[in-house]
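Below is one structure, written out as structure tokens, with a few remarks after it.
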Amino acid sequence: MLKYDSYYFQCPHCHAWLEGRDLKAEMVNQSILYSDGKVLNDNLITTPQKMIMCPSCGHIFWVEKPAKPFITYEKPDAEVYSWNTWRFFGINFSDNKGKMALINHYKTFLKKSHYDPKKEIYLRRFLWWAYNDLHRNHQHVRLKYLLNGFMSFGVWHCNRKLILEGEKLFIKNHKDFTENLKRLLALLEKHPDEQIDLELPEIYRELRQFDKAKDLLDQVGSRTHFTSEMLRHSKWKDSRVFMVSG
Ligand SMILES: [Zn+2]
């Protein structure tokens, strides 16, 4: 049984058919939450992709809500571009080259046009997450993960190499990462409706403004596992994205 429902929609420019997917929440085995707000369900990012580049003609268009009549659940009697061909612009994430390609896509989109604040927030948030993807599971480099039996030596070793390489790329691009995050912060402060829970303290933490992050966290009424973890990392002066639960 498939974990998702397929739906179909057309490129407004060349009318090619594209397949979209709705994940069925009841069939998800594992959900992971990261400190930057990215959520993975069975390794799939749940936030819908709003900006789409047509795999057939390269036309860029926005889909704010994939709803009828723009989409249909009936498979069209025509060739359909599968989800993988346009999801994250068809990039393969198994290596750091793919991760850098995604970063460069977002950077190019942001340079090419002017977007309204909502769209710019969307693009800058995804660019932020894409930078963090370079070293997202940094805790996996620890020997503990091998010794706990979570993975075989081969998998652990390969994964470790990938994350350490990613960390180097992250450091190399840190100036651009910071610039994007500062711009995102300014936009979110102007448009509080667009903020995701705890996004502001996390941005301050990742910008290494730990006191400001702590101040904001202290203002949050109820203490949760998420806020306690973020406070802990702020006290350690650790600015790296981390896994909150999973
Ligand atoms: Zn097209």
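The values are calculated or read from the model by the stated rules, or taken from the named source; none is laboratory data. Remember, predicted model here, so these are calculated numbers, not experimental data. Cβ coordinates were reconstructed from backbone atoms using ideal geometry, including for glycine residues, and neighbour counts include every protein chain displayed. Each accessible area value is taken on the protein alone, full model and side chains, heavy atoms only, with ligands, DNA and RNA left out. Shrake-Rupley method; radii C 1.70, N 1.55, O 1.52, S 1.80 Å.
Of note:
- Test: residue in region 93-102 that is open to solvent by 50 Å² or more (accessible area, probe 1.4 Å), free of Cβ contacts under 8 Å to residues at least 24 places away in the same chain, among the basic types (K, R) and in a loop (DSSP other than H, G, I, E, B): no
- Residue in region 194-214 that is of a type in the set (G, A, S), surrounded by fewer than 20 Cβ atoms within 10 Å (Cβ to Cβ) and at pLDDT 95 or above present: no
- Filter result (closer than 22 Å to V141 by Cβ and in contact (Cβ under 8 Å) with a residue 40 or more places away in the chain) within region 206-246: E206, E229, M230, H233, R240, V241, F242, M243, V244, S245, G246
- Any hit, region 46-59, residues being farther than 18 Å from L127 by Cα, open to solvent by less than 40 Å² (accessible area, probe 1.4 Å), part of a strand (DSSP E or B) and free of Cβ contacts under 8 Å to residues at least 60 places away in the same chain: no
- Index of the failed condition, W62 passing every other in (1) open to solvent by less than 50 Å² (accessible area, probe 1.4 Å); (2) within 16 Å of the ligand (Cβ to nearest atom): (1)
- Residues in region 215-246 that are charged (D, E, K, R), open to solvent by 80 Å² or more (accessible area, probe 1.4 Å) and within 28 Å of N43 (Cβ to Cβ): R232 alone.
- When residues in region 71-89 are screened for being out of contact with any strand residue (DSSP E or B) (no Cβ under 6 Å at 6 or more places or on another chain) and open to solvent by 40 Å² or more (accessible area, probe 1.4 Å), 6 of them pass.
- Complete set of residues in region 119-149 that are open to solvent by less than 20 Å² (accessible area, probe 1.4 Å) and within 16 Å of F177 (Cβ to Cβ): L123, F126, L127, W128, W129, A130, Y131, N132, L134, H135, R136
- Qualifying residue in region 104-115 (condition: open to solvent by 60 Å² or more (accessible area, probe 1.4 Å), in contact with a Lys or Arg (Cβ under 7 Å, 6 or more places away or on another chain), away from the ligand (no atom under 16 Å from the Cβ) and farther than 15 Å from Q10 by Cβ): no
- Identity of the residue in region 1-41, under 30 Å from T227 (Cβ atoms) and part of a loop (DSSP other than H, G, I, E, B), that ends up farthest from the ligand (Cβ to nearest atom): S35
- V244 touching an Asp or Glu at 6+ places or on another chain (Cβ under 9 Å) and farther than 27 Å from N104 by Cβ: yes
- Yes/no for F89 being touching a residue at least 60 places away in the same chain (Cβ under 8 Å) and within 16 Å of the ligand (Cβ to nearest atom): no
- Residue within region 63-78 that is touching a Lys or Arg at 6+ places or on another chain (Cβ under 9 Å) and farther than 18 Å from S6 by Cβ present: yes
- Among the conditions (1) in contact with a Gly (Cβ under 8 Å, 6 or more places away or on another chain); (2) part of a strand (DSSP E or B), the only one that P66 does not satisfy is (2).
- Qualifying residue in region 87-96 (condition: of a type outside the set (S, T, N, Q) and modelled with pLDDT of 95 or more): no
- Residue, modelled with the lowest pLDDT, within region 2-27, restricted to residues that are among the aliphatic types (A, V, I, L, M) and open to solvent by 40 Å² or more (accessible area, probe 1.4 Å): L2
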